[in-house]
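The values are calculated or read from the model by the stated rules, or taken from the named source; none is laboratory data. Everything numeric in this text was worked out from a predicted model, so none of it was measured. Glycine gets a Cβ as well: all are built from the backbone with ideal geometry, and neighbour counts include every protein chain shown. Remember, those area values only see protein heavy atoms, side chains included, never the ligands or the DNA or RNA. Shrake-Rupley method; radii C 1.70, N 1.55, O 1.52, S 1.80 Å.
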Amino acid sequence: MSRILVCGGAGYIGSHMVQLLLKRGFEVTVFDNLSTGHRVAVGEAELVTGDIRDRSALASLFATRPFDAVMHFCASSIVADSVKDPYVYYDNNVVGTLSLLDVVRQADIGRFVFSSSAAVYGMPERELIDEDHPTRPINPYGATKLMVERILKDAADAYGLRSVALRYFNAAGADPGGALGEVHRPETHLIPNILRSALDGSAELQVFGTDYDTVDGSCVRDYIHVCDLALAHLKAMEYLDSHAGAHRFNLGSGNGYSVLQVIEAARQVTGCPLPARVLPRRPGDPPVLVASSQRAQAELGWQPRHSDLDEIIGSAWRWHCRPRF
Ligand code: NAD
Ligand code: UDP
């Protein structure tokens, strides 16, 4: 039986990954410092608490478990914070990944799947972004993801490490079974903020800018269901069985929705009026980000199956409305 190491498996996307791996019969170890993750989110998987920048903790982890592949979700990922305090981002996302990769090399593990981001592209030059679009990140967070992609390319050339970097667009939605969902503190993402405002009338819903050159003036994004992201990781891991090198794939639905369209869809799903206040633009927001995921579809054999906007919002709403004890 294969044993997979999921670094960052207590976080939002990583915990959905862990759930899928367990369902598919893999043995799973989560390594997480619980800085933004949650112990309860790892379910039946083994949890080892520790920091990827701690090489000795990683070395003892690898010395005692025979991992067949590593999936790496750990990162600091709030764009605005990365602008305010870039050293923290370079340290966690780049230095931390280098520390993990070094131990992966010593343990002679050949398959590595990395959470990259649409933030590597920067300001889009065309509406549908494919992997050949120029990569010019406009904030330190995006720069850290691009640096790791470069490190993975160099590691493939020098050490033969096989890797896939998955460039997610906007991860959203929740486990349809209701066991897992998105819990970030603070929450900066649009859909959970809308749903919190639906649950708690006093939480003001804010729209950052309605003066963009888009369908209704608000920013357009490509929302991809977190379970579709998890499935792509499985496909990526399988892909590496027969493909050497460092690979990059976009993961999005290919459909763009404006902030105002998402709010309207959430009104329909929740039945709440959702009054929203328009604020100035949020610095660093590109007006439109929509993925072409043709390469992932053609090469990984992956298709988004749950990324219809109503399904994304519906699953997230069920999670927000869950009973709490
Ligand atoms: P998250 O914050 O919920 O999960 C990250 C997990 O990594 C947490 O459990 C955290 O405790 C852990 N972690 C962070 N630094 C660590 C360290 N140094 N050592 C050990 N554990 C550490 O984030 P998420 O939304 O699930 O995102 C997962 C990955 O996907 C990140 O790399 C993020 O940059 C990337 N990504 C997310 C989105 C999105 O829309 N959420 C989009 C593009 C890319
Ligand atoms: N947004 C918003 N109000 C919020 C959160 C986000 O208007 O409370 C906007 C944000 O400016 C962006 C879009 O919604 O245009 C998606 O933002 P999110 O933070 O969810 O993801 P990002 O695209 O920044 O990764």
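Looking only at segment 193-231, count how many residues are under 20 Å from His306 (Cα atoms) and open to solvent by less than 10 Å² (accessible area, probe 1.4 Å). Write out each step before concluding.
Step one: of segment 193-231, the residues under 20 Å from His306 (Cα atoms) are 194-195, 220-231.
Narrowing the set further to residues that are open to solvent by less than 10 Å² (accessible area, probe 1.4 Å) leaves 194-195, 222, 224-226, 228-230.
Matching residues across segment 193-231 total 9.
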* Look at Leu161 and say whether it is within 15 Å of ligand 2 (Cβ to nearest atom), touching a helix residue (DSSP H, G or I) at 6+ places or on another chain (Cβ under 7 Å) and of a type in the set (A, V, I, L, M, F, W, C). => no
* Could you please give the count of residues in segment 307-325 that are open to solvent by less than 30 Å² (accessible area, probe 1.4 Å) and at pLDDT 95 or above? => 6
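Condition test on Ser76, is it within 16 Å of ligand 2 (Cβ to nearest atom), open to solvent by 20 Å² or more (accessible area, probe 1.4 Å) and under 24 Å from Leu190 (Cα atoms)?
Answer is yes for this residue.
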* Evaluation of Thr29 against (1) in contact (Cβ under 8 Å) with a residue 12 or more places away in the chain; (2) out of contact with any helix residue (DSSP H, G or I) (no Cβ under 6 Å at 6 or more places or on another chain); (3) open to solvent by 20 Å² or more (accessible area, probe 1.4 Å) (one fails), failing number -> (3)
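Yes/no matrix, rows are residues, columns are (1) closer than 24 Å to Gly284 by Cα; (2) at pLDDT 95 or above; (3) within 15 Å of ligand 2 (Cβ to nearest atom); (4) not hydrophobic (A, V, I, L, M, F, W, C):
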{"site": "Tyr87", "(1), (2), (3), (4)": "yes, yes, no, yes"}
{"site": "Ala107", "(1), (2), (3), (4)": "no, yes, no, no"}
{"site": "Gly142", "(1), (2), (3), (4)": "yes, yes, yes, yes"}
{"site": "Arg167", "(1), (2), (3), (4)": "yes, yes, yes, yes"}
* If we keep just the residues of segment 169-220 that are closer than 15 Å to His16 by Cα and among the hydrophobic types (A, V, I, L, M, F, W, C), which is farthest from ligand 2 (Cβ to nearest atom)? -> Ala179
* Mind checking which residues of segment 258-283 are open to solvent by less than 20 Å² (accessible area, probe 1.4 Å) and under 16 Å from Ser202 (Cα atoms)? -> Leu274
* Mind listing just one residue for me: the one in segment 102-119 that is under 21 Å from the mean Cα position of the chain (by Cα) and open to solvent by 20 Å² or more (accessible area, probe 1.4 Å) and, of those, farthest from ligand 1 (Cβ to nearest atom)? => Arg111
